Amino acid sequence: MCKEKTSLAEIEEMEGNLFLPAFKNLKFVDCNKPIYKNLMYWPFALSKKKCDKWDDFDMNVAPYKKDEPIYYEFTKCPIADFARKHNLSEVMPAMCNPDYTATELIHARLVKKQPVQTAVCAIIQFAEIRTKNISNNTKNT
């Protein structure tokens with residue numbers, strides 16, 4: 001039976017349940033180690049090619065640089081577009097917050113350059129070397 005109303009916490013949990021199990025299986029990966037950082041770059045590059053082919057998300061991936069984080073950004077997000085169109089922007093943090101957990105599982109830190117509720121889903125710097133103090137790695141609420 002469908003509920004009349006689903007909480008944002010429940011939406012965030014459902015979103016996380018979609019992909020976090022795969023990241024939990026990757027807990028041995030440490031993006032602070034050059035081999036894993038190099039290996040993690042290629043799925044982003046492949047995702048960009050698929051986004052270009054499918055014309056759903058617009059994604060940019062910066063060229064790989066050994067001594068810099070992996071940078072990628074979304075400049076078009078169909079989920080954010082749908083949320084804006086239907087006045088559901090308050091749902092966007094619940095859709096995007098599991099990304100923080102995913103990156104923590106591979107010993108990385110996710111840095112979003114703008115709030116999730118803005119024009120695009122997020123502009124993201126990924127695989128920044130994680131420090132012991134990750135207090136600036138806060139979720140959007």
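So which residues in the range 54-77 are in a strand (DSSP E or B) and open to solvent by less than 50 Å² (accessible area, probe 1.4 Å), if there are any at all? Result: M59, V61, I70, Y72, F74. Restricting attention to the range 22-32, does a residue exist that is open to solvent by 100 Å² or more (accessible area, probe 1.4 Å), of a type in the set (K, R) and either farther than 23 Å from A62 by Cα or touching a Cys at 6+ places or on another chain (Cβ under 7 Å) (or both)? Checked against the condition, which is being open to solvent by 100 Å² or more (accessible area, probe 1.4 Å), of a type in the set (K, R) and either farther than 23 Å from A62 by Cα or touching a Cys at 6+ places or on another chain (Cβ under 7 Å) (or both), the range 22-32 yields at least one hit.
Does at least one position in the range 34-46 carry a residue that is in a loop (DSSP other than H, G, I, E, B), exposed (fewer than 14 other Cβ atoms within 10 Å of the Cβ) and of a type outside the set (D, E)? There is no residue in the range 34-46 that is in a loop (DSSP other than H, G, I, E, B), exposed (fewer than 14 other Cβ atoms within 10 Å of the Cβ) and of a type outside the set (D, E).
Taking the criterion of being of a type outside the set (A, V, I, L, M), more than 22 Å from E10 (Cα to Cα) and either out of contact with any helix residue (DSSP H, G or I) (no Cβ under 8 Å at 6 or more places or on another chain) or surrounded by fewer than 19 Cβ atoms within 10 Å (Cβ to Cβ) (or both), would at least one residue in the range 90-104 satisfy it? So that I can check it myself, show each step before the final result.
First, the residues of the range 90-104 that are of a type outside the set (A, V, I, L, M): 90, 93, 96-101, 103-104.
Okay, now just the ones that are also more than 22 Å from E10 (Cα to Cα), so none.
No: zero hits.
If you check A22, A80, A9, which single one turns out to be at pLDDT 90 or above and closer than 19 Å to L110 by Cβ?
Numbers: A80 fails: at pLDDT 90 or above; A9 fails: closer than 19 Å to L110 by Cβ.
Among A22, A80, A9, only A22 is at pLDDT 90 or above and closer than 19 Å to L110 by Cβ.
Residues in the range 1-35 that are in contact with a strand residue (DSSP E or B) (Cβ under 9 Å, 6 or more places away or on another chain) and of a type outside the set (A, V, I, L, M, F, W, C): D30, N32. Being in contact with a Ser or Thr (Cβ under 7 Å, 6 or more places away or on another chain) and under 23 Å from P69 (Cβ atoms), is that true of even one residue in the range 39-52? So far as the range 39-52 goes, no, none of its residues is in contact with a Ser or Thr (Cβ under 7 Å, 6 or more places away or on another chain) and under 23 Å from P69 (Cβ atoms).
The values are calculated or read from the model by the stated rules, or taken from the named source; none is laboratory data. Remember, predicted model here, so these are calculated numbers, not experimental data. FYI the Cβ positions are ideal-geometry reconstructions off the backbone, even for glycines, and counts take in every protein chain you see. Keep in mind that these areas ignore ligands, DNA and RNA; they rest on the heavy atoms of the full protein, side chains included. Shrake-Rupley method; radii C 1.70, N 1.55, O 1.52, S 1.80 Å.
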